Amino acid sequence: LADVTADLTEVLLTEQQINDKIADLSRRIEQDYAGERVLLVAVLKGAVMVMADVARELKIHVELDFMAVSSYGLSTESSGVVRILKDLDTDLNGRHVIIVEDIIDSGLTLAWLRGNLASRGPKSLEILALLRKPDAAKVDVDVKYFGFDIPNAFVVGYGLDYSEKYRNLRGIAVLAPHIYA
Ligand code: PRP
Ligand code: MN
Ligand code: MG
């Protein structure tokens, strides 16, 4: 069986670059929420690595919760209409909430999610997203804690999948075209 790395063309972000960025973002969050208690909400499954690393990097009290969502419709293009597959266990009323995402592609998932969570009465609501693709500029999503702008390539690793594979890579890499062609 071929090694996973044989399916990749180039490493876009190394484990070290990701770690450094997570540390930067965490220092900012620690300052912004000093003395407060924060609920981190990760969107399954892509955000699990960011969630695990940010949560462990933060030296303030955090709680973790998870949501699973799915876009409606058969189109490969995201419709912007989202269905909740797994909702939060936590009541957001009066809570400081940070949504944790791996990537903003069209921005439709986060735009919908922000609106949905905002309606639950949080004391504050911000977004952390590690990656952003160029198309994201078309939808206005206010991301307070943001990592890297990346080119419009098919990227995998560090939670990001192609057909559920490659999520377990430590870095973020470009998928070789022969894999999805
Ligand atoms: C990916 C990614 C984001 C979303 C971004 O999730 O993890 O959650 O797409 O796309 P958008 O900005 O165009 O809405 P996906 O739906 O592939 O599920 P996964 O996290 O389980 O891989
Ligand atoms: Mn996702
Ligand atoms: Mg995916």
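Bear in mind these aren't lab numbers, they're just calculated from the coordinates by the rules spelled out. These numbers were taken from a predicted model, which means no experiment stands behind them. Here the Cβ positions follow ideal geometry from the backbone for every residue, glycine too, while neighbour counts run over all protein chains shown.
General remarks:
- Condition broken by Val139, with the remaining ones in (1) over 23 Å from Ala52 (Cβ atoms); (2) away from ligand 3 (no atom under 16 Å from the Cβ); (3) loosely packed, with under 14 Cβ neighbours inside 10 Å satisfied: (3)
- Any hit, region 93-109, residues being within 16 Å of ligand 2 (Cβ to nearest atom), crowded, with 19+ Cβ neighbours inside 10 Å, in contact (Cβ under 8 Å) with a residue 40 or more places away in the chain and over 24 Å from Ala23 (Cα atoms): yes
- Condition check for Arg167: assigned to a loop (DSSP other than H, G, I, E, B) and within 14 Å of ligand 2 (Cβ to nearest atom): yes
- Being surrounded by fewer than 18 Cβ atoms within 10 Å (Cβ to Cβ), more than 15 Å from ligand 1 (Cβ to nearest atom), within 14 Å of the chain's Cα centre (by Cα) and over 18 Å from Asp161 (Cβ atoms) is a property that holds for Ala55.
- Among the residues of region 110-148, those that are free of Cβ contacts under 8 Å to residues at least 40 places away in the same chain, away from ligand 2 (no atom under 12 Å from the Cβ) and of a type in the set (Gly, Ala, Ser) comprise Ala111, Gly115, Ala118, Ser119, Gly121, Ser124, Ala136, Ala137.
- The sole residue among Glu57, Glu36, Glu15, Glu30 that is away from ligand 3 (no atom under 16 Å from the Cβ), of a type in the set (Asp, Glu) and in contact with a Ser or Thr (Cβ under 7 Å, 6 or more places away or on another chain) is Glu57.
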